[in-house]
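Before any comments, here is the structure.
The values are calculated or read from the model by the stated rules, or taken from the named source; none is laboratory data. Predicted model only: the values in this text are computed from it and were never measured. With ideal geometry, Cβ positions are generated from the backbone for all residues, glycine too; neighbour counts draw on all protein chains shown.
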Amino acid sequence: MIPQPIIDRLYRSRTLSFKIISHPECTVPSWIINDARKTMSYLAKKKQIIIIPGKLEVALDEFFTVILTVSVNLNLFLTDDLPALKPFKRKFKKFNTALENIYDEVINDIHTMLLSIAFYYNDIGKYLYWLKHELNPTPGLEGGIVNLISINSYKIESSTIMVDDKPRPIIRLGYALPNYGIDWVAIKPSVLNIDNPFADIPLDVYIQTHALQRLSERIDCFPTGSIHFNMFISLKYPRVFYDANQNILIEYRYFGTRAGYFRVDIIEGKIIIRTFLFVTNNGTPEGLKLGKITGLQKLDKKYLAIDRLSTFMASDIGGNDKIRKIFTSAGCQCLLELYEKSHQVATNTSKHFDSDLMLKYIGYDKKHLPESLQHAPLFRTQPETA
């Protein structure tokens, strides 16, 4: 019903399928480019976009080809006086209104996809990658609109700082975000409850390579890029506590749920992450409470394999009422919540944990009274005064 000349014009000015390339000024391994192409193709076909409920629903890749092609040429349909187009004008006006209402949602979907793809390649200790999406029209739209995704890269460089009179390698902390680049983390000392004339001047955040290693050892069941992204978010929006020795702890959250803490200091005008503590480690409030309840110390926790997250991705822990009560009373219910939220996407689950062994190891039925498993305050959000 649409005249052929208009069909021909639509074809000449069409939006082309996603094209993924390496940015000309960046070094990106070919396997990453090929893998990103496959992943983007899969995600774009799987994601459905509801344009008009009950009437028009398309896959994301169709939205960025067919739907955008029509959108770019809407003025042609709405203003042309060809009699054949008159029956369509009311529908195209409704179509245009629908597009205006969902466009932000579609952009967010693309952003999430680009971020998710980079999860599998990013490593704050080596390289950061980010994908940038652009719609590049050719002159006069005669060659169509190029639907381009370029992969950018940044090679991480380390420096050194003196910590406890020893030179320590450190890395500036940031993360690569889609369509943006590197977002470096900076925190005001006042956020750490430090009061001085310069407390509201943000300080760059650095992490010791040792701390990155501890993070990967203890949060050992998700892709490195995902673990590092959650570190970035945790430090970008910090929740700050103090332990019994006045050390500053910043909570590490995996998609909103606590999994541990970063111990930080201010050295030479920089905020330095000295180490990462899993939530059951002795240096955390929960680890201290767990030790009081069970008598378990560092080597005991290592022996029982409760010093890393992969153990808590096994259902046996949450499925045993006595074990659940112990961890909940120590404030470690966050680990059971992480299981509920994330065990299906975990890349590694430990088979070494044995609930009965732990109960026998701590003599649960012989030595623990109900009052020893009551909740107690775990945190201080302010340093103690001298």
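A few points about this structure:
- Summed over the stretch 263-317, the residues that are crowded, with 19+ Cβ neighbours inside 10 Å, aromatic (Phe, Trp, Tyr) and farther than 30 Å from ASP200 by Cβ give a count of 2.
- Being polar (S, T, N, Q), in the same structural domain as ASN281 (by TED's automatic domain parsing), within 19 Å of ARG218 (Cα to Cα) and at pLDDT 90 or above is a description that applies to GLN333.
- Residue list for the stretch 230-276, filter: small (Gly, Ala, Ser), touching a residue at least 40 places away in the same chain (Cβ under 8 Å) and closer than 17 Å to TRP184 by Cβ: GLY269
- Selection within the stretch 14-45 - of a type in the set (Ser, Thr, Tyr), out of contact with any strand residue (DSSP E or B) (no Cβ under 7 Å at 6 or more places or on another chain) and closer than 24 Å to PRO137 by Cβ: SER41
- Residues that are closer than 19 Å to TYR339 by Cβ, out of contact with any Phe, Trp or Tyr (no Cβ under 7 Å at 6 or more places or on another chain) and basic (Lys, Arg) within the stretch 218-253 comprise just one, ARG253.
- Taking the conditions (1) farther than 25 Å from THR209 by Cβ; (2) modelled with pLDDT of 95 or more; (3) not polar (S, T, N, Q) in turn, PRO285 satisfies each one other than (2).
- The lone exception for PRO223 - which of (1) out of contact with any strand residue (DSSP E or B) (no Cβ under 9 Å at 6 or more places or on another chain); (2) farther than 26 Å from VAL345 by Cα it fails: (2)
Here's the yes/no breakdown for (1) more than 30 Å from HIS210 (Cβ to Cβ); (2) more than 27 Å from the chain's Cα centre (by Cα); (3) free of Cβ contacts under 8 Å to residues at least 60 places away in the same chain:
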position	(1), (2), (3)
ARG90	yes, yes, yes
PHE95	yes, yes, yes
TYR103	yes, no, yes
ILE117	no, no, no
ASP123	no, no, no
TYR127	no, no, yes
SER153	no, no, no
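- Within the stretch 347-362, if we keep just the residues that are part of a loop (DSSP other than H, G, I, E, B) and farther than 17 Å from GLY291 by Cα, the residue that is modelled with the highest pLDDT turns out to be THR347.
- Residue in the stretch 127-139 that is surrounded by fewer than 17 Cβ atoms within 10 Å (Cβ to Cβ), over 26 Å from THR275 (Cβ atoms) and of a type in the set (D, E, K, R) present: yes
- Residues of the stretch 325-338 satisfying the condition of being crowded, with 22+ Cβ neighbours inside 10 Å and assigned to a helix (DSSP H, G or I): ILE326, PHE327, LEU335, LEU338
- Listing of strands (runs of 3 or more DSSP E) fully contained in the stretch 209-307 that carry 3 or more residues being closer than 25 Å to ILE117 by Cα and in the same structural domain as ILE317 (by TED's automatic domain parsing): 248-254, 257-267
- Selection status of ASN179, outside the structural domain of ARG12 (by TED's automatic domain parsing) and farther than 30 Å from ILE266 by Cα: yes
- When residues of the stretch 308-318 are limited to those that are assigned to a helix (DSSP H, G or I) and touching a helix residue (DSSP H, G or I) at 6+ places or on another chain (Cβ under 8 Å), the one modelled with the highest pLDDT: LEU309
- On inspection, LEU378 passes the criterion of being under 26 Å from ASN247 (Cα atoms), outside the structural domain of GLU286 (by TED's automatic domain parsing) and either modelled with pLDDT of 80 or more or outside any helix (DSSP H, G or I) (or both).
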